[in-house]
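A short reminder: the numbers here are calculations on the coordinates, not readings from a lab. Given the structure is predicted, the values throughout are model-derived calculations rather than measurements. Ideal geometry is used to build each Cβ from the backbone, glycine not excepted, and the neighbour counts take in all protein chains shown.
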Amino acid sequence: MYTAWTTKHKPKTVAEVVGNSEAISTLEKWLRSWERGIPRQQAAFLHGPPGVGKTVALEALARKLVMELIEKNASDYRTQEKISQFAGLASQYRGFFGKKRIILLDEMDGVYGNVDRGAIPAITKIIKNTRCPIILIANDFWDKKFVSFRDKKKYLIIEFKKPPASQVLKHLARICAEEDIFAEEEALKFIAQRSEGDVRSAVNDLQALAQGKKKLTYDDVSWLAYRDRKDVIFSVMRLVLYGKTCETAKQAVDLADVDLDMLFEWIYENTPHHFNVPSELAKAMEALATADLYRARIRKTNNWKLMRYAIDFMTAGVAMARDKSKPSGWVPFRFPQRIKTLSTSRAERGMKAEIGKKIKRRMHVSVAQAQKDVLPYMKVIFESNLQMAAGLTKWLCFDEEEVNYIAGGKRQAKAILKVMN
Amino acid sequence: MSFEMWAEKYRPKSLSQMVNQKDIVERLESFAKSRNVPHCIFAGPPGTGKTTAALCLAHDLYGEVYRENLMELNASDERGINVVRETVKTFARIRTLGEIPFKILILDEADNMTGDAQQALRRTMERYTETCRFILIANYSGKIIEPIQSRCAPFRFTYLPREEQDVHLKYIAENEKVDLAKDGLDAIYVVCGGDLRRSINSLQAAASLGKPITSEIVYSVVGRANPADVHAMIKIAMDSNFIEARKRLREMILKYGVAGSDIIKQIHGELFRLDIPENWKVKLAEIVGDVDFRLAEGADEEVQLSALLARLAEAGYELKGG
């Protein structure tokens, strides 16, 4: 039977946890403080990159302090009702067996801000009234949606850092000893270094390379490619774009460590580059359009059950569009370009609206018309004729930034403003 | 040194200066003479003088102080009918000092208002008829609800005929001391087709290059000014270059802020002019309609439109016998 070594060799005691000893003792002190009544900080927020042992450390601590750890995943607090279910848990300090409780909300990254509008406020409310410690875990504490947790008076914020390679190495050596594998130190060092502090991935690598062997040499591991974190999304993309069955393609969703909207963007960006038969590309794009339609319906009706259809179309729908299509040579996967463009153009849209308003004031047109029918011509003028541009700047009271934008560059804008004065 | 946009500088001030829409102008002049104006609807395509006619009418009614008795609102800029109603109330409540007992409110792009908003507007119009006359401006009068239409005098504006536009453009060119070549004038008409505002803007942009205005100059200026070139995007897609077509689409939406609904409207218009078998046009129209419907449901503009572009790429490929 296959057991993941990450589970089988999970640290049982606090001492076995790799690195972050300071963070762990802070957390322990805080958990112990509950013995003396409810502290001011009623929740702790553990954050740090994946695989550095946030959950593992907490589990080990709970065991040490003989506390019952009640774990909830993001999917459990997606809706208001589900949240109120565990609100009940939080109202009692002890569980049925008299054990003291810790409530863990893991994978908070999965609660996405815009969609689960009610989730974060509901969670903060439960924390306010809780009678037992609540622990939140996420990778990216600085995400906008967590802004309400940044108050250090109310929340204990603990950062978990990537442990040094030497400590990862020790952990790997312990596993090898337990598995009765003789491993060259060089080999383990190599794995530890490549993991960049992600203990989980190091253990997974070790298992892939060493399971079933008696001996692990440096040569066995040296081919192991640099494990870039991007690899995850790349293998996900391979499943979606080249999966042979619906099932393989759909697996992508479980594998991906980005949220579904982001996954959609990745697939949408890359699909056209991997289909060369137009009819098959049309089918794939149609599948994405259908998935998008479901997303729109979910936004509108809040009916999350529809998400499974969106997933079907964005993964299996795309994969099954392929028949004869082959990419011409090796095509790299690219980051969704329109996310980049979107953030830069947001500022630009604000600027255009201001300019539009100024034109509207003078020219009896709507802002939209000003942007569509007047501004483009004005841009040509500003790029070609300093005199005329200077006159128009005065007439419409544009400020420097607006002239910059219309003239398409600071240099030209400066020249225009010089003529004006 | 003073410069304005020429479209504004050469906008007629009085009805007597208006070069076109003779029949309409005559009727409006009779309103001005009798010092009474009914509620009106000015309908017609862009750049045909609707707003100008309304402004001229107000000028001829009230004289130089006409601005005090006139309010301009744009339905597409105001958030909701309540803003319109409140603005109208405050504006119409105070009587004018002059001999004419009513003010004039110009409501531009009235066809952009929802049915409900129009119903509310209708009540406002009735309530303040004594003190305020409405001139509703729209591209399509059909989008104005029946009860409002029946309370308004309708005026249908049409594209300027070629000769009238030429007279106007030549006059401006002469006044601005710009060398406007015959083929430049032709080009402006080809591109702007009787939309005087666009024609004048094109003329001014072309003049800003400081060279005699030839067709070549006009086309280059218009090309620079219209990155939202749906026609070019369709051609690229039909050439089976989907990736480039999607890039253009993305620019239109994100960089130039063109609305997806506008793009789909243009694609629909272009579709029937494409050089493809007739039965294909119907096939593609069905997809276009589908996309339009999905956009109305709140789907992502780029995703939906690019699915359509992929279909065009497929069609182009098959037609070439691929």
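Structural size metrics of the stretch A:322-421, computed from C-alpha coordinates, are Rg and Dmax of 19.0, 66 Å. Excluding B:Phe272 itself, calculate the net charge of residues whose Cβ lies under 10 Å from the Cβ of B:Phe272, where each Lys or Arg counts +1 and each Asp or Glu counts -1. Within the 10 Å Cβ shell, the charges total 0.
Within chain A, the longest run free of exposed loop sites, counting trypsin sites (Lys or Arg not before Pro) that sit outside DSSP helix and strand states (H, G, I, E, B) and have at most 11 other Cβ atoms within 10 Å, spans A:41-151. Reducing the stretch A:263-298 and the stretch B:197-275 to their Cα centroids gives an inter-centroid distance of 26 Å.
In plain terms, the residue of B:His168, A:His171 with the fewest other Cβ atoms within 10 Å comes first and the most crowded comes last, giving B:His168, A:His171.
Using the membrane-span-like helix rule (whole DSSP H runs, Cα extent along the own axis of at least 30 Å, mean Kyte-Doolittle hydropathy at least 1.6), which helices of chain A qualify? Qualifying helices, which must be both long enough and hydrophobic enough, do not occur. When you restrict to C-alpha pairs under 8 Å that are six or more residues apart and normalise by the size of the stretch B:230-319, the relative contact order lands at 47 percent. Listed by chain and number, the aspartates and glutamates whose C-alpha is less than 12 Å from the C-alpha of A:Lys12, apart from same-chain residues fewer than 8 away, are A:Glu59. Among B:Ile137, A:Ile70, A:Ile175, the order by Cβ neighbours within 10 angstrom, fewest to most, reads A:Ile70, A:Ile175, B:Ile137. Here's how it looks for A:Leu216: its modeled amide H is under 5 Å from those of A:Phe182, A:Ala183, A:Glu184, which are all 5 or more places away or on a different chain.
Here are some pairs, A:Lys144/A:Lys283; B:Lys255/B:Lys320; B:Lys50/B:Lys143; A:Lys410/B:Lys177; B:Lys170/B:Lys235; which of them have Cα atoms lying more than 27 Å apart in this structure? Violating the 27 Å Cα-Cα cut-off are A:Lys144/A:Lys283; B:Lys255/B:Lys320; A:Lys410/B:Lys177; B:Lys170/B:Lys235. Counting beta carbons within 10 Å around each of A:Met378, A:Met363, A:Met285 and listing the fewest first gives the order A:Met363, A:Met378, A:Met285. About its Cα centre, the dipole of chain B is roughly 740 debye, where the only charges are +1 on Lys and Arg Cβ and -1 on Asp and Glu Cβ. Using a cut-off of 14 Å between beta-carbons, work out the net charge of the residues near B:Gly289 (Lys and Arg +1, Asp and Glu -1, B:Gly289 not included). Residues near B:Gly289 contribute +1 overall. In percent, rounded to a whole number, the relative contact order of the stretch B:162-225 is 39, using alpha-carbon pairs under 8 Å and six or more apart. Applying 1/(1 + (r/R0)^6) with r as the Cβ-Cβ distance of B:Lys33 and B:His268 and R0 = 56 angstrom yields a FRET efficiency of 0.80. Here chain A is treated as a Stokes sphere of Kirkwood radius computed over C-alpha pairs; at 10 °C and 1.306 mPa s its diffusion coefficient rounds to 61 µm²/s. Shown here for the stretch A:1-48: chymotrypsin sites (Phe, Trp or Tyr not before Pro) in loop regions (DSSP other than H, G, I, E, B) with at most 12 other Cβ atoms within 10 Å, namely A:Tyr2. Here the stretch B:221-312 has an Rg and Dmax of 12.4, 37 Å, counting Cα atoms alone.
Restriction of the chymotrypsin sites (Phe, Trp or Tyr not before Pro) in the stretch A:286-395 to DSSP coil positions whose beta-carbon has at most 16 other beta-carbons within 10 angstrom yields A:Trp330. Label-to-label distance, A:Lys12 versus A:Glu186, with points set 7 angstrom from Cα along the beta-carbon direction: 3.5 nm. Residue by residue, the stretch B:244-254 carries 3J(HN,Hα) couplings of 5, 4, 5, 4, 4, 4, 4, 4, 4, 6, 7 Hz when phi is fed to the Karplus relation 6.51 cos²θ - 1.76 cosθ + 1.60 (θ = phi - 60°); x denotes Gly or Pro.
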